[in-house]
Structures are given as structure tokens and as C-alpha cells.
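**Q** Shown below is the structure under consideration.
The values are calculated or read from the model by the stated rules, or taken from the named source; none is laboratory data. Not measured: the values here are computed from a predicted model. For neighbour counting, all protein chains shown are included, and Cβ atoms are generated from backbone atoms with ideal geometry for every residue, glycine included. These area figures cover heavy atoms from the full protein model, side chains too; ligands, DNA and RNA do not enter into them. Shrake-Rupley method; radii C 1.70, N 1.55, O 1.52, S 1.80 Å.
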Amino acid sequence: MAAYNPKSLIAEEFISDEEIRETLAYAEKNKNNIELIDELLEKARPKKVGNGYHCAGLTHREASVLLACEIPEKIEEMYKVAEEIKLAFYGNRIVLFAPLYLSNYCVNGCLYCPYHLKNKHIARKKLTQEEIRAEVIALQDMGHKRLALETGEDPVNCPIEYVLESIKTIYGVHHKNGDIRRVNVNIAATTVENYRKLKEVGIGTYILFQETYHKESYETLHPTGPKHDYAYHTEAMDRAMEGGIDDVGLGVLFGLDKYRYEFAGLLMHAEHLEAVHGVGPHTISVPRLKKADDIDPTQFDNGISDDIFEHIVACIRIAVPYTGMIISTRESEEVRTKVLRLGISQTSGASRTSVGGYTETNRPHDSEQFDVSDQRTVDEVVSWLMDNGQIPSFCTACYREGRTGDRFMSLCKNGQILNCCQPNALMTLAEYLEDYASPETKKKGYELIERELLKIPNPKTQSIARENIEAIRSSNRRDFRF
Ligand code: SAM
């Protein structure tokens, strides 16, 4: 049996099954240990240091105790701490993005995904560069500035050269005042050399969901194709970092295996990245298994309730305070509303999970990856975020200003969020309001901007932000950023 070693580069050593089992036993034993739970919550709470905050985070063992705890009052306290952490590091901003499906050809046999090779009736599509341009224009016309590229895995139909060319195409489309300023990429595990090429072409975050950290389940759920290789998949982030990508995004597909096991594995993965590369995950996603073409989620035994889902989100926020946390339109408006305050920092809006879906008037289902629960327009999502006390942000400034990896983390830690992210959020919101919003959203948005501008502590920054917003309103000048 492999000994647990967070610094190892071998999957079974940094995600040690034995360590997860011991963690779960420890959590079970202590789930009613109020004294320990209070101590952990106190440790996790943000502490004011200079202009910023320090947040200790929790280890996978500690956080697993919080997740195992079923005492309602204690869970409420966890939610409060999660909210405090979110506000300390991210403020009340939520960044918006949309997925863009390039191709659904796939050589894998994933049992939960309708793109699996044996699915002979799903329409297989791969966008041409011309079609990509059309999709990007449709996305720009909604107001999007940030995309997550999605593809199935198929070295013949969807080689890395195609992905690279597509990214260049996307960055090259400038329609009216539109721009895609950050392309994140969610493609199958690949080689260091390919990660280097992705870095060179200017991707933002490299996202790869682990699906499940449980090796045996992983192998059963991925019976055929390159994705079957647990070690190659689990070690992908180390290769990505070796290839020069320092913003990587983790996630598990909740519903495949036991959530407490996945949670411990996810945190161990984050600890591993920190231990080896000195920087944890840029984001953590929390997708839940959904109905899709020939996939019935009730066939899997490990579905989780909305309450447990909220508990997981809060515990991730508490354990890994500096990571961005992403919620997709797999979740309904109701669930999304609840988790917003528990630590989410990014959300997709008006997503279509089909290849070529954005250029269709009606939502197409023939090549869809999964059912989208939240089908609202970007304007409705922007308006809803504001109604929930959040600032919708289309900001992409950090990585364009070289603030990736640990440089982004230190911005968080030094309390510069309010002087940097707050104005960026407000300026990109103003762009959205000017160029794409409905009259009601525009009115609501400018009222919010007026209130939120006053919260920028540095008077000079506040006045520059105000001037830039004025320029956005009165001219076609765009893309101001701190
Ligand atoms: N093909 C890439 C790979 O191998 O990692 C990833 C791209 S895939 C388009 C994006 C993610 O969708 C997968 O990693 C998986 O977690 C998720 N997914 C697949 N089937 C799903 C389903 N039925 N419901 C919800 N999410 C699903």
C-alpha cells in the first residue's frame, strides 16, 4: 500500500486511499465533538492583519470533521464563517463566464457522460473556425468576456492543434465593443508539451475535473479509452504546472462516489499542489451529476441532497480560503441563490452545453452534454446577482496583468481586493450595462455602481474608477483595468 505523501508526484501517494479512510474515521469519531468543532471554526475565521486578512484554512482532516458534523446550529455557524471568508477575500463580487463546446467527439467510455464512444445516436459535431467565430459573436452579444472551452477527448477529430487554433480564433474576434479576454480550458489530461502550447497561446485556467478520487470507482466509471488511466488523469495538474500553467482548476463530479471521500480527496489534491508548486488551485468547481442524453443520474447511488451540497460548498470555502469557487448552470436558480453567499466566486450564465448551441434561436438538445437547470439569460442572471447583494463582474484583469498563481493569492492576502478587484468589477459591469443590458438592469446596475464605488478605500483609485466609468458611459472606450 502506498504511504501518504503530499509532496510525492505519484497519484496514489498524494491521494492515498488509506489516508482518506483514516480521515473519514477521524471525522466520524469527532463529528459531535463540539469543543473541536468550535476550535476549528475559530481557527478558520479571517483575522485582520494590516490592511488585509489572514485566513488559516483547514487541513483535509480538520475540514472533514466539519463536513461530517450534522448538528444544525454548528452547520449554521460554518455557513457564517464561510460567508465571512468570502467577503474578506473576494468581497461581494461574482465573476461571470460561459462554456463553449467545440467538439463532442470522444474516444472514452465514461459511464456518466453522453459523449462516450458507444453512444451512436448523439449528433457528433465539431465546430469549424468559421462556426467558432459565429458562436463567439453570439457570446459577445450577450456580454460575455470569459469562456471555458470544452471538448471531448479525441486525438484524431479534436487534436491539440485544433484546440490551439480555436483559441487564437476566439481571441481574434472583436465584434462591436465585444471581446473575449480570457479563455479557460477544460480538456482531457494531456502531456507537458501540450500544456506548454496551451500556455503559449494564452489560456487562463486549465480546468480538469477529477470526476472521482476513488481509484477503483474511477476505473469502473472509465472502463475504456485514455481516461481509464487514473494516475495519468490525477497527475495532470502537475504536468500542467510543469508546462508553465500556474492557474489550475480542480473539481469532482458529485454523485459518482461518496461525497465525504471525494471531499477529502479534493482537499488533499489542493494540499499537494501547494506543497509541490507553492500554489494551490486557482479554482474549485462543484459540478453535480445531471440527466443527459442516455444518462440517468438515478442509476448512480451517490446523489447528494441540496442541503449536503450547500454544506460541501461552505466547507470547501472554509478549508481553502483563497481559491475561487465555481458554480455552473447545472444547478437551479434556487440552489445557486443559496450557495452564492457560502463562498462562490464565479458562475456561468446562459450556458448552452451543445456544440454550436449559441447560434441557434432555440436551445438545441441533440449534441448536449447535460441538461441545464438554470436557463436564464445573462441579463436575468446579472439582475438576479444584484438583487442578491452581489456585484456581477466580467473582470479578466488578473492574468492579463500577470497576476497568476501565487501573485493572485498575495493580492487576496494583502487586502488589495477592494482597491483592485472592486474597481475592475465595477468598470466591467459598466461595460455590460452600456453595451448589452436591458433598461431595467441598466438602471439597477448604475445605482449599484454608485453605492459600491464609495467602498473603494484608496481615494485616488476611487476617482480613477469613477472617471473610467464616465468614459465608458460617454464613449466607446473599453477595457480599463487596475
Ligand atoms: N473531456 C474532458 C475530460 O476528459 O476531462 C472534459 C470536458 S467535459 C466536456 C466537462 C465535464 O463535464 C467532465 O469533466 C464531467 O465532470 C462533466 N460531465 C460529464 N457528464 C456529465 C453529466 N451527465 N452531468 C454533469 N456533468 C457531467
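**Q** If you build the Cα gyration tensor of segment 1-51 and take the root of 5 times each eigenvalue, what three semi-axes come out, in whole angstrom, biggest first?
**A** 29, 20, 5
**Q** Another question, then. Using DSSP to call loops (not H, G, I, E or B), can you name the GluC sites (Glu not before Pro) in segment 33-78 whose Cβ has at most 14 other Cβ atoms within 10 angstrom?
**A** Sites meeting the loop and neighbour criteria: GLU70.
**Q** Treat every Asp and Glu Cβ in the chain as -1 and every Lys and Arg Cβ as +1, leave all other atoms uncharged, and give the resulting dipole magnitude about the Cα centre to the nearest 20 debye.
**A** Charge dipole, the chain, about its Cα centre: 1620 debye, nearest 20.
**Q** Then there's this: Within 10 Å, count the other beta carbons around each residue, average over each peptide in 292-301, 175-184, and list them highest first.
**A** Final packing ranking: 175-184, 292-301.
**Q** How big is the equivalent ellipsoid of segment 125-283 along its three axes, where each semi-axis is √(5λ) from the Cα gyration tensor, reported in whole Å from largest to smallest?
**A** Equivalent ellipsoid semi-axes, largest first: 29, 17, 15 Å.
**Q** Among THR220, VAL95, GLN369, pick out the residue whose Cα is farthest towards the positive end of the charge dipole of the chain, where Lys and Arg carry +1 and Asp and Glu carry -1 on C-beta, about the Cα centre.
**A** VAL95
**Q** Check each of the trypsin sites (Lys or Arg not before Pro) in segment 79-151 and keep only those in coil by DSSP with at most 12 other C-beta atoms within 10 angstrom; list them in order.
**A** Those satisfying the criteria are LYS118, LYS120.
**Q** Now for a separate question. So what's the back-of-envelope 222 nm ellipticity for the chain, counting only DSSP H runs of four-plus at -39500 (n - 2.57) apiece and dividing by all residues, rounded to 500?
**A** It lands at -14500 deg cm²/dmol.
**Q** Another one. Starting from the Cα gyration tensor of segment 423-482, take the square roots of the eigenvalues, sort them a ≥ b ≥ c, and report rounded, prolate or oblate (rounded when a/c is under 1.5, otherwise prolate if a/b is larger than b/c, else oblate). Walk me through the numbers on the way to the answer.
**A** Working: a/c = 2.27, a/b = 1.36, b/c = 1.67.
Oblate shape, in that a/c is at least 1.5 and b/c is the bigger or equal ratio.
**Q** Taking loop as defined by DSSP and a crowding limit of 12 other beta carbons within 10 Å, which chymotrypsin sites (Phe, Trp or Tyr not before Pro) in segment 404-437 fit? Each step should come with its number before you reach the end.
**A** Values: sites: PHE408, TYR432, TYR436; in loops: TYR436.
Within segment 404-437, no chymotrypsin sites (Phe, Trp or Tyr not before Pro) qualify (loop, at most 12 other Cβ atoms within 10 Å).
**Q** Measuring from centroid to centroid over Cα atoms, what is the spacing of segment 417-479 and segment 28-62 in Å?
**A** 35 Å
**Q** Here is a follow-up. Just to be sure I understand: if I project the alpha-carbon convex hull of the chain onto a plane and average over all orientations, what area do I get in nm²?
**A** Computed as one quarter of the Cα hull surface, the answer is 21.0 nm².
**Q** Quick one: net charge around THR205, please, counting Lys, Arg +1 and Asp, Glu -1 for every other residue with C-beta under 12 Å from its C-beta.
**A** Overall, the nearby charge balance is +1.
**Q** With Cβ to Cβ distances under 13 Å as the rule, what net charge do the other residues near GLU35 carry (K, R +1; D, E -1)?
**A** Summing Lys and Arg as +1 and Asp and Glu as -1 gives 0.
**Q** Pop the C-beta distance of LYS443 and GLU216 into the FRET formula with R0 = 60 Å and round what comes out to the nearest 0.05.
**A** 0.60
**Q** Among residues other than PRO287 whose Cβ falls under 14 Å from its Cβ, what is the net charge (Lys/Arg +1, Asp/Glu -1)?
**A** After counting each charged neighbour, the total is -2.
**Q** Lysines near LYS126 by alpha-carbon distance under 30 Å, same-chain residues fewer than 8 away left out - which ones?
**A** Those lysines meeting the cut-off are LYS118, LYS145, LYS168, LYS176, LYS197, LYS199, LYS227, LYS290, LYS291.
**Q** Among TYR446, GLY152, HIS272, which residue has its Cα furthest toward the positive end of the charge dipole of the chain, with +1 on Lys/Arg Cβ and -1 on Asp/Glu Cβ?
**A** TYR446
**Q** Okay, moving on. Which percent of the accessible area of the chain is formed by carbon and sulfur heavy atoms (probe 1.4 angstrom)?
**A** Values: 9340 of 18430 Å².
Taking all protein chains in place, the chain shows 51 percent carbon and sulfur surface.
**Q** Order of 46-52, 238-244 by packing, highest average Cβ count within 10 Å first?
**A** 238-244, 46-52
**Q** Arranged from highest to lowest average of other beta-carbon atoms within 10 Å per residue, in what order do the peptides 273-280, 261-268 appear?
**A** Put in order of decreasing packing, that is 261-268, 273-280.
**Q** Right, another one. As an exercise, take the mean of 1/r over every pair of distinct alpha carbons in segment 135-192, invert it, and state the Kirkwood radius in angstroms. Don't jump to the answer; show the numbers that get you there.
**A** Values: mean 1/r = 0.0817 Å⁻¹.
Radius from the Kirkwood sum: 12.2 Å.
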